[in-house]
Amino acid sequence: MTHAKLLELPISHDYYQGPCADLWWQPTPQSQRSLDACCHKLVSHGGHSEIYFEQQAEHLPRHSMADQVLQFWLCISQTHFAAVTALPEASNYLPVYRNDDDASSLNPPKQYLQVPGRYNFSLTFEQRPIQLKLASDSGQTIVSKHITDGYQSTDFSLLLTQFGTGCYTVSETYNDQTVSHNICYQPDMPANAIALLELTIAADFYQTAPSMALHFNARDDVLSYYVLASNYLAEDFAALTIADAGANEQQRQVIMFSRVDADDFTDAHVSADLLTTNGTKVVLFHSQLPVSRRQQGPKKLQLKLGDDVLISSLPTPGSSSITSDFFIHVAKP
């Protein structure tokens, strides 16, 4: 028997400026059993995953998985993913990717609130009566409750353990008004998983293997350099600048900096009083535009005194940097 490619699932990230080897797709136990039973195999390497099938003739699978839905966790090998990635602010939501709009590509992720087996929540409407529904992600009603004047509390709970693992929609209807929100109950979610893929296998995949790319944008930061100068005369202190001398070499846009003197610091800045001791002066230089984090960050951001280079390459935030604020000390004898 020979094998042929069913599909590709490449993962790329701006931070790495290419494939992201820190991420991979891991099938759920049930999906792994389905793959094995149908003689399909997932192969992952260097930020790229592929599914192969055993064929009895060209493009003819030994066991077709057409119309089956497979689930894969998007897992991460390093703990600093959030430091380099532009992510939604709410971390208690699970992104779920699907290919139900165009079978050969992934939809933008749908966000689901992660909840425990007993989901306690507050009803939106105080008026009565309301109709409360719990539906599967496909829209099939699982629970429907008519809440009347006899129930005035806004607190409610749903026992999801009796319905099993999955994604659900909770909706409330009062008169002609309906509000809803999406939840997911995933007790077996791996600790290193950050998203879920629900992949529908199309029959066409056995003829032409699609490439379903997933891309992550890097986190953008305003670079802030607090320069603390000791024994600097006012004239020299005023001549301090930061210049970008590495843009041409790295073939990137020039990073321009603005100067903010201590008297102009706001609540958004580190307090000048905390930084100026024993006659030390402080000035802030910040990038005029946010800068995307890169594994090979911008080089040759130079701290200069007039035409003299004091520091040839200032630090930039990387995978272990929580902040993009840096404190640079310079001193004269």
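Structure values in brief
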item: Residue match in region 246-256 (condition: over 26 Å from A82 (Cα atoms), surrounded by 15 or more Cβ atoms within 10 Å (Cβ to Cβ) and more than 27 Å from the chain's Cα centre (by Cα)); result: yes
item: Checklist (1) farther than 28 Å from P95 by Cα; (2) over 28 Å from the mean Cα position of the chain (by Cα) applied to Y225, failing item; result: (2)
item: Looking only at region 27-62, and only at residues there that are among the small types (G, A, S) and in a helix (DSSP H, G or I), the one that is surrounded by the fewest Cβ atoms within 10 Å (Cβ to Cβ); result: A37
item: Some residue of region 43-53 being hydroxyl-bearing (S, T, Y), under 20 Å from C167 (Cβ atoms) and in the same structural domain as L196 (by TED's automatic domain parsing); result: no
item: Among the candidates Y206, Y174, residue that is in contact with a strand residue (DSSP E or B) (Cβ under 9 Å, 6 or more places away or on another chain) and farther than 30 Å from H63 by Cα; result: Y174
item: Residue match in region 319-327 (condition: under 21 Å from N248 (Cβ atoms), outside any loop (DSSP other than H, G, I, E, B) and in contact (Cβ under 8 Å) with a residue 60 or more places away in the chain); result: no
item: Residue satisfying condition, being under 30 Å from G318 (Cα atoms) and in contact with a strand residue (DSSP E or B) (Cβ under 9 Å, 6 or more places away or on another chain), within set S31, S104, S91, S44; result: S44
item: Residue among D22, D36 that alone is farther than 13 Å from I194 by Cβ and either without any contact (Cβ under 8 Å) to a residue 12 or more places away in the chain or acidic (D, E) (or both); result: D36
item: Of the criteria (1) of a type outside the set (D, E); (2) under 30 Å from I322 (Cα atoms); (3) in contact with a helix residue (DSSP H, G or I) (Cβ under 7 Å, 6 or more places away or on another chain), which one L74 fails; result: (3)
item: Y225, sole failed condition from (1) under 30 Å from Q30 (Cα atoms); (2) buried (at least 18 other Cβ atoms within 10 Å of the Cβ); (3) of a type in the set (F, W, Y); result: (1)
item: Sole residue being over 30 Å from L70 (Cβ atoms) and modelled with pLDDT under 95, chosen from Q152, Q177; result: Q152
item: Selection within region 228-245 - out of contact with any Gly (no Cβ under 9 Å at 6 or more places or on another chain), within 11 Å of K281 (Cα to Cα) and surrounded by 14 or more Cβ atoms within 10 Å (Cβ to Cβ); result: L228, A229, Y232, F237
item: Strands (runs of 3 or more DSSP E) fully within region 213-287 counting 2 or more residues that are among the polar types (S, T, N, Q) and either in contact (Cβ under 8 Å) with a residue 24 or more places away in the chain or in the same structural domain as W25 (by TED's automatic domain parsing) (or both); result: 224-230
item: Residues located in region 293-309, provided they are assigned to a strand (DSSP E or B), touching an Asp or Glu at 6+ places or on another chain (Cβ under 7 Å) and crowded, with 18+ Cβ neighbours inside 10 Å; result: L301
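The values are calculated or read from the model by the stated rules, or taken from the named source; none is laboratory data. Since the model is a prediction, treat every value here as computed from it, not as a measurement. Glycine also receives a Cβ, built like all others from the backbone with ideal geometry; neighbour counts cover every protein chain displayed.
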